[in-house]
Structures are given as C-alpha cells and as structure tokens.
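> Quick one: the structure is below, questions incoming.
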Amino acid sequence: MAPTDPSAVADRLGRLIDDVAAGADAARTGGDILRLRDRLNREWDAAQPGAHLSPETYEALRLRCGAAHDHLTERFVALRNLTPEPEPLLLIDPEPPTVATFFEGAAPVAGWTAEAEAAIRAAEARLGVRLPATLRALYRLRNGGPTDFFLATDIPDAPLRFAGHAALREADELWPTVLPGFGLTALERLETLGAIGDGIDFGDEDEAWRAVLPGIDRLIPISNHGSDLWLCLDYAEAAEPSVALFDATSFERPGAITFRRPDFTAFFAGLRRHGVTVEDGLALRGPRVLGEDA
C-alpha cells in the first residue's frame, strides 16, 4: 500500500496519536513530554494529512491531534508542579559561523552546486550589484535556507551565559536577532527594498519608507520577518555594501535602521547562535529541541 494511500495515512496518524497519548501518561519528566510533542508535530507534518485525506477524515484526526496536544500540556504542567522548576539557563556559543557550518536543516537540493554560479550571476545582473564574497560562497553551497546563527550584539564583551528569568530578558536585549527570517532569502526572490516597499508601504508621503530611506532602491533584503524587519545589503554609499537592519515597526516614525555593520565580512564574523543546554535530558539550542540524544 502506498505511503500516501488515504487509509494508510489515517491508520498511521491514528496510531501516532494513540502512542503519544499513552506516552504522556507514562512520562516522568517535562523532557519526556517535549520529546513526545516534537514527535507528534514532526510526524504529523511529514504525513501531510490535508493533502491525502477526505475533509471529514482529516477533521476527525485534527481534533484528536488537538486533544493529544492538550493532554501533553496538562501532563507537562502536572509534572512541573511535582518538582521545583529549575532556573532557566541560556548560553551563547562563542564561536562564529563558517561557510560550512552556517546552514542547518535539510541537505542542499541535489544538483544545486552545478547551477549555483549561473544563478548568482543572474541575480547580480538583475539587481545591478555584485554580492559580497562570503555571501556568494554561502549561495554556492545552498540557495538560501535556515540557520542557527541569527544573533549579534553591539555590546563589547557581552556575557555568554544567562541564568534565571531576569537574565533571560537581559539576553534578549544584549543579543537581538539580526537575521529576522532565521535564514537567507533564495536568490530568485531577491529584490530591492524600494520595489518591496512600493507594494506594501501605504503610509503618507512624509511617513513612507522612502522618506526614511532615501537610498531605498539600493537596499536589497537578504532576510526578513513579515513586512516588519528587513536585513539589507546597503549599496547606497559604495559598491561594497554595508549590512543594515531596517525596522518598519517603530512607533516614533515610519521606520529606522536599528543595526549596522560596515560590510558583510564584519557582519558574518559577528554572528552567534545559542549554545546547547540540557533540560530533563532534552538537548535544546535556545528554545529549539535538537533531538533525543542527550
């Protein structure tokens, strides 16, 4: 029976939900619950039930999945209340990325290496710029994608270890996210911030992005969060771009540059990622579950 056969998909997901619910009842630590939650989300998403099941079957399974999530939450709270909650710990990895270590997640698309150089040249010709050398090296490896290296700081000798709830709030201030999309945009999707702004920025003339950024047509976002935060290569002053984070959410004015580096080399060298911590035997990088090997 094919893996996408509706009956097989429904049976597999039904067994998954039952296994997770039984595992929740048997769990002894919060880490056990987080592993079960991660397994349920991962295997549910991989099965793509909405694409293979009838609406009625999908809805019934979706409700069961939601009930399983509710049960996991209840058990997590119950287990947490049984034992004193340890002080949270957050680490910042002191090592910067390399081209080889920058990307995380799935392997590159097969055949991309052979296509990469032509795709890079096509993007540069379309945009009328030359991408920084290190960025070109990253795009030769993968056509954009996720990374754990999205933190940076402007504070010299900023601490790397934060223990306790108050310290975690301090960490967010000292080590902000400067790659707002948690990765790089694919080459074919690169365009100027001016072109993007013309389509989504509907402020008054005095409040438009163009009023804040006179060189907006020479800014090229390489990572963004929705329509709020844009990490850009800034070619407004020179052929070798600086790197700037444009925050379009400012309440005082239409937007502002909140972070800048003189070039991509300095930006890349300053990137950091969360270190690995272990809670209840569960390996975490920041809030992200790494697996069950700890």
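Every number here is computed from the coordinates shown, using simple stated rules; none is lab data. Everything numeric here is computed off the predicted structure, so don't read it as measured data. In this analysis, Cβ positions are derived from the backbone assuming ideal geometry, glycine residues included, and neighbour counts consider all displayed protein chains.
> Treat each spin label as a single point 7 Å out from the Cα along the C-beta direction, and report the Thr277 to Ala67 distance in nm.
Reported label-point gap for Thr277 and Ala67 is 3.5 nm.
> Suppose R0 equals 41 Å. What FRET efficiency, 1/(1 + (r/R0)^6) with r the Cβ-Cβ distance, do Ala60 and Glu87 give to the nearest 0.05?
0.45
> If you don't mind, another one. Compare the Cα positions of His274, His69, Ala236 along the charge dipole of the chain (+1 at Cβ of Lys, Arg; -1 at Cβ of Asp, Glu; about the Cα centre) and return the one farthest towards the positive end.
With unit charges placed on the Cβ atoms, the residue in question is His274.
> Right, something else. Compute the distance from the alpha-carbon center of region 115-174 to that of region 177-198, in whole Å.
Spelled out, the Cα-based centre of one part sits 12 Å from the other.
> Under the 0.36 nm per residue contour assumption, what length would be gained going from the current alpha-carbon distance of Arg189 and Ala236 to full extension?
14.9 nm
> If you don't mind, there's one more thing I want to ask. Test of understanding: what is the full-extension gain from Ile200 to Arg28, defined as 0.36 nm times their sequence separation minus their Cα-Cα distance?
That works out to 57.0 nm of additional length.
> Can you run phi through the Karplus equation (6.51, -1.76, 1.60; θ = phi - 60°) for region 49-61 and list ³J(HN,Hα) in whole Hz, with x for Gly and Pro?
After applying 6.51 cos²θ - 1.76 cosθ + 1.60, I find x, x, 8, 10, 10, 5, x, 5, 5, 4, 5, 5, 5 Hz.
> Based on the alpha-carbon gyration tensor of region 96-233 and its eigenvalue square roots a ≥ b ≥ c, which shape applies: rounded if a/c is under 1.5, prolate if not and a/b is larger than b/c, or oblate?
oblate
> For the chain, what is the mean residue ellipticity at 222 nm derived from helices alone (per DSSP H run of n ≥ 4: -39500 (n - 2.57); sum divided by total residues; nearest 500 deg cm²/dmol)?
Helix contribution divided over all residues of the chain: -13500 deg cm²/dmol.
> Short version: ³J(HN,Hα) in whole Hz for each residue of region 15-24, in order, from phi by Karplus 6.51 cos²θ - 1.76 cosθ + 1.60 (θ = phi - 60°), x for Gly and Pro, what are they?
5, 4, 4, 5, 4, 5, 4, 5, x, 5
> Further question: Loop sites only, by DSSP: take the GluC sites (Glu not before Pro) in the chain that have at most 11 other C-beta atoms within 10 Å and name the longest stretch containing none of them.
Value returned for the longest uninterrupted segment is 1-236.
> Dipole size in debye (nearest 20) for the chain around its Cα centre, Lys and Arg Cβ +1, Asp and Glu Cβ -1?
The dipole magnitude comes to about 740 debye.
> Note the listed values (1) 169; (2) 183; (3) 122, then indicate which one is volume of the Cα convex hull per residue in Å³ calculated from this particular structure.
Step by step, volume of the Cα convex hull per residue in Å³ for this structure corresponds to label (2).
> Is any residue of region 16-45 close enough, with backbone N under 17 Å, to a label point placed 7 angstrom from the Cα of Leu168 along the Cα-Cβ axis, and if so, which?
30-35
> Here's another thing I want to ask about it. Go ahead and run the numbers for FRET between Arg260 and Asp18, Cβ-Cβ distance against an R0 of 30 Å, rounding to 0.05.
0.05
> Still on this model: Report the gain in length on full extension from Asp154 to Thr113: 0.36 nm times residue separation, minus Cα-Cα distance, nm rounded to one decimal.
Roughly 11.3 nm would be gained on extension.
> Restricting things to alpha carbons, find the Rg to Rh ratio for region 206-279 using the Kirkwood radius for Rh.
Across region 206-279, the Cα-based Rg/Rh ratio is 1.06.
> Give me the one-decimal nm value for the distance between modelled label points at Val99 and Asp45, 7 Å along each residue's Cα-to-Cβ direction.
My value for the distance between the label points is 2.9 nm.
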